[in-house]
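For reference, the structure is listed below as C-alpha cells.
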Amino acid sequence: MDWHFTKMHGAGNDFVVLDGVRQNITLTPERARKLAHRQFGVGADQILLVEPATRADADFRYRIFNADGGEVEHCGNGARCFVRFVHEQGLTDRNPIRAEICTGIIVLSEQDDGEVNVEMGRTSFEPAAVPFDSAGLVPRIEGNDQLWPLDLPSDDGADRQVWVSVVGISNPHAVQVVDDVDTAPVATVGPRVESHRRFPRRVNAGFMQIVDRRNIRLRVFERGSGETLACGTGACAAVAAGIRRGLLDSPVRVQTRGGVLTIAWDGEQLVMTGPVVTVFQGVIDVDTLLG
C-alpha cells in the first residue's frame, strides 16, 4: 500500500504529513509508530493526517498522532505545517483556513513573509478541564495563577517536588519555571511529570526560563514523543502561565531549541506565529514497514 507523504518541520518539530483527501489512508497506531520511527521509518515527532471536514463550518479535518501511535488533541507547530501543506498540494487556495480538530475549530493563515499565524483558541486553567486531579493538594497563588505541587518519587531515592502551572490548550500542559533550560533536568523530570498519576491523559511537561518580560527560553518533554526541538502548544501554555503569574507581557518571543515562536495572548485569545519548512516528499509502502 503506497502512501505519498511530505516531510515538514516547524521550528525543528518534525512531521510526516499525509493527504487523506486524495488518498485512502487508514492510520492505525501501529502504522503511525512505524512511520515515525527514525531508523526503520521516515522519522518524525508526529504524524499529521489531513482529511475532508466532517462539519459544515470547517475546510478540513486535521488529526495528530504522536510517535508512540497515540492520537492527540492539538499540535501548534503541526497546525502551521498543515496550512502550508494544503496550499502546496493544491487542496485549497483559501486563506485563512478553518481546520477541525477533535476539540473544535482553529483558524490559520499564511502570511506574506512565509510565517503562519494560528488562532489557538481559548485556554483553560481549571484542573478538571486540563484534566488534572487536584484532590488533597493546596495550590500556591502567584499573581493570577495557581501553582500546584507535584511529588516525583524515584527509584534511587532522590525524591523531589516541583510546582507547576496546569494549562489546557486542547491538550494538557504542566509548566515549571527553571533558572536555566540548558541545565534543567528535562530528561529525568520530564518523563516523571508526563506520566504522573494526577494527569489521567498524561501531560506535556514544559521547562521555562524567563529572560525578560517579553522573552523566554523553553524546552518541552512531549507526551508520547519525548523532548522535541519545539512545541507550539507548549509555547502557548508557557506564555499564558507566565502572563498570569505576572512575569511576562504579551507578545512574547519564545526561543526553542529549533527556532523562534511568537505568542500573543490577551487573556482570552491565543495567537501563535512561527516558521514552516517543507523538507522533502516521497512514497512509502506502509505494509512493508509493518513487516
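Of the set (1) farther than 21 Å from V72 by Cα; (2) touching a Phe, Trp or Tyr at 6+ places or on another chain (Cβ under 9 Å), all apply to T228 but (1).
I'm checking my understanding of the structure. Among residues of the stretch 235-264 that are among the β-branched types (V, I, T) and not in a helix (DSSP H, G or I), which one is surrounded by the fewest Cβ atoms within 10 Å (Cβ to Cβ)?
Keep residues of the stretch 235-264 that are among the β-branched types (V, I, T), which gives 239, 243, 252, 254, 256, 260, 262-263.
Going one step further and asking which of them are not in a helix (DSSP H, G or I), we end up with 252, 254, 256, 260, 262-263.
Numbers: V252: 27, V254: 27, T256: 26, V260: 15, T262: 18, I263: 27.
Step by step, filter the stretch 235-264, then rank; the result is V260.
Evaluate the stretch 226-234: report whether one residue or more is in a strand (DSSP E or B), of a type in the set (A, V, I, L, M) and at negative phi. The answer is no; no qualifying residue exists.
Out of V189, V220, V260, V276, one residue alone is touching a Cys at 6+ places or on another chain (Cβ under 6 Å) and over 21 Å from F125 (Cα atoms). It is V276. Of all residues in the stretch 76-110, those that are among the polar types (S, T, N, Q), over 21 Å from the mean Cα position of the chain (by Cα) and over 19 Å from V16 (Cα atoms) total 2. The condition (being of a type in the set (G, A, S) and at pLDDT below 95) is satisfied by just one residue among G267, G246, G274: G267. Here F207 clears all of (1) open to solvent by 10 Å² or more (accessible area, probe 1.4 Å); (2) under 27 Å from G136 (Cα atoms) except the condition numbered (1). Filtering the stretch 1-33 to residues that are of a type in the set (S, T, Y) and either in contact (Cβ under 8 Å) with a residue 40 or more places away in the chain or within 20 Å of G76 (Cα to Cα) (or both) leaves T6, T28.
Against the conditions (1) within 22 Å of D249 (Cβ to Cβ); (2) surrounded by 14 or more Cβ atoms within 10 Å (Cβ to Cβ); (3) not β-branched (V, I, T), F199 satisfies every one except (1). Put simply, of G69, G76, G90 the only residue that is open to solvent by less than 30 Å² (accessible area, probe 1.4 Å) and either of a type in the set (D, E) or on the phi > 0 side of the Ramachandran plot (or both) is G69. Of all the criteria given as (1) at negative phi; (2) surrounded by 20 or more Cβ atoms within 10 Å (Cβ to Cβ), the one not satisfied by A11 is (1). Screening the stretch 100-185 for strands (runs of 3 or more DSSP E) wholly inside it with 3 or more residues that are open to solvent by less than 30 Å² (accessible area, probe 1.4 Å) returns the ranges 104-110, 116-121, 145-152, 160-169, 171-177. Suppose we keep only residues that are among the small types (G, A, S) and closer than 15 Å to G69 by Cα within the stretch 14-50. Which one would you say is most open to solvent (accessible area, probe 1.4 Å)? Going through the qualifying residues, I end up with G41. For the stretch 74-81, check the following and say yes or no: at least one residue is of a type outside the set (D, E, K, R), under 19 Å from G274 (Cα atoms) and part of a strand (DSSP E or B). Looking for residues that are of a type outside the set (D, E, K, R), under 19 Å from G274 (Cα atoms) and part of a strand (DSSP E or B), one finds none in the stretch 74-81, hence no.
Of all the residues in the stretch 83-99, those that are assigned to a loop (DSSP other than H, G, I, E, B) and of a type outside the set (G, A, S) number 7.
Within the stretch 69-95, which residues are more than 18 Å from H173 (Cα to Cα) and not hydrophobic (A, V, I, L, M, F, W, C)? Within the stretch 69-95, G69, R80, R84, H87, E88, Q89, G90, T92, D93, R94, N95 meet the criteria. Looking across the stretch 259-278 at every residue that is farther than 15 Å from E115 by Cα and of a type outside the set (A, V, I, L, M, F, W, C), the one that is nearest to the chain's Cα centre (by Cα) is identified as Q269. On inspection, H37 does not qualify as modelled with pLDDT under 95 and within 19 Å of the chain's Cα centre (by Cα).
The values are calculated or read from the model by the stated rules, or taken from the named source; none is laboratory data. The model shown is predicted, which means the values in this text are computed figures rather than measured ones. We place every Cβ from the backbone using ideal geometry, glycine too, and count neighbours over all the protein chains shown. SASA here: full protein model, heavy atoms, side chains in, ligands and nucleic acids out. Shrake-Rupley method; radii C 1.70, N 1.55, O 1.52, S 1.80 Å.
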